[in-house]
Amino acid sequence: MAFKINDIPPEGLTLELADKLDLFEEGSVTTPFKATVTFKAEGAGLFHVHGNVEATTELECSRCLKRFSFSIKEAAMDFELVPERPREQLAEHGLGKGELDTEFYRGEEIEPKEFIREQLLLGIPMVPVHSPGCKGLCPKCGADRNDTTCGCQIETIEGETSPFAVLKKIIKPEKE
Ligand SMILES: [Zn+2]
Ligand SMILES: [Zn+2]
């Protein structure tokens, strides 16, 4: 999928890509994606990149640990693609200060999968849930509370969730 930066004509280049990538760098290339990406040369090795990408991946529910399919629909991409250079040099050129995000490429080649992967990661929730109403696992017996009612008595830990916890603390000393 990589191509040479010299292959980008002055009027720009639009690519339709469909492939798979290793989204979470787990060593397995299992996430299919589709992307439309336009590259426009802006001189000095800079490229403005915009387009969109969609993919379907598997996430683990943070509450019940169930694996579920998650779709990233047409995530918009819009960033500057700049040659990888030491940070000081970037500052000198005034890069990385603009409104746009910055992605990097190395040498004379651009590998779209690298920034597509990063753009997709931006579309994944920090705390994924398989459904907004997921009841999660029972903290006592580990049962999936979406499927079963285990009947465990879950006591609210004093001071954490009960709004009366504070009251109890105040009242107690008077009783004793
Ligand atoms: Zn869940
Ligand atoms: Zn339980």
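The values are calculated or read from the model by the stated rules, or taken from the named source; none is laboratory data. Since the structure is predicted, the reported quantities are computational estimates derived from the model, not experimental observations. Every residue, glycine as well, gets a Cβ built from its backbone with ideal geometry; the counts of neighbours run over all protein chains shown. When the accessible area is computed, the model is the full protein with side chains, heavy atoms only, and any ligands, DNA or RNA have been set aside. Shrake-Rupley method; radii C 1.70, N 1.55, O 1.52, S 1.80 Å.
For the condition more than 16 Å from ligand 1 (Cβ to nearest atom), within 30 Å of F3 (Cα to Cα) and either in contact with a helix residue (DSSP H, G or I) (Cβ under 9 Å, 6 or more places away or on another chain) or modelled with pLDDT of 95 or more (or both), E103 qualifies.
Cβ-Cβ distances below 6 Å connect the following pairs, each with a first residue in the stretch 27-45 that is in contact (Cβ under 8 Å) with a residue 24 or more places away in the chain, a second residue that is among the hydroxyl-bearing types (S, T, Y), and a separation of six or more residues or different chains: T31/T57; T38/T14.
Anything in the stretch 11-23 that is free of Cβ contacts under 8 Å to residues at least 24 places away in the same chain and either surrounded by 15 or more Cβ atoms within 10 Å (Cβ to Cβ) or of a type in the set (A, V, I, L, M) (or both)? List them, or say none. Steps first, answer last, please.
Of the residues in the stretch 11-23, the ones free of Cβ contacts under 8 Å to residues at least 24 places away in the same chain are 11, 16, 18, 20.
Of everything in the stretch 11-23, just one residue is free of Cβ contacts under 8 Å to residues at least 24 places away in the same chain and either surrounded by 15 or more Cβ atoms within 10 Å (Cβ to Cβ) or of a type in the set (A, V, I, L, M) (or both), namely A18.
Of note, E84 does not satisfy the criterion of being under 28 Å from N6 (Cα atoms) and modelled with pLDDT of 95 or more. The C-beta contact set for the stretch 138-161 (first residue modelled with pLDDT under 90, second residue within 16 Å of ligand 1 (Cβ to nearest atom) and open to solvent by 80 Å² or more (accessible area, probe 1.4 Å), distance under 9 angstrom, 6+ apart or interchain) comprises I154/P139.
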